[in-house]
Amino acid sequence: MQKEDVRLKGYRATVRRALDWFGLEHDVLLMMLAVLMITSGKQLWSRYIPKYLEYLNASALIIGLYGSIQLLISALYHYLSSVLTDRLGSKKR
């Protein structure tokens, strides 16, 4: 039991040193991992949507519109988030 405690303490110390080296707080690391997992999950299934639309007998026009609207929303999201960041400014410590 004590051998496991020593190993766990060593692991925690290693994680704490890595967080300090990157300059991250614990909650920021958890948020980064959550976003990574959500994004990875979305990327796994989103590439099959056009094929699923084809399976549902959607025309090539509908499938193309889906892809175009997806890209347009992505571009608008990036543009609007950059405008918001410019207006609010970055967080100063």
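Only the coordinates and a few stated rules stand behind these numbers; no lab work does. Please read all numbers here as calculations on a predicted model, not as lab measurements. So basically every Cβ, Gly included, is an ideal-geometry build from the backbone, and we count neighbours across all protein chains shown.
Observations on the structure shown:
- Distance between the 7 Å Cα→Cβ label points at Leu19 and Leu36: 1.5 nm.
- Selection among Ala75, Ser59, Gly41 by position relative to the dipole of the chain gives Gly41 as farthest towards the positive end (Cβ unit charges, Cα centre).
- Using alpha-carbon coordinates, inclination of helix 60-88 to the longest axis of the chain, degrees: 50 degrees
- Principal-axis analysis of the Cα atoms of the chain puts helix 26-46 at an angle of about 30° to the longest axis.
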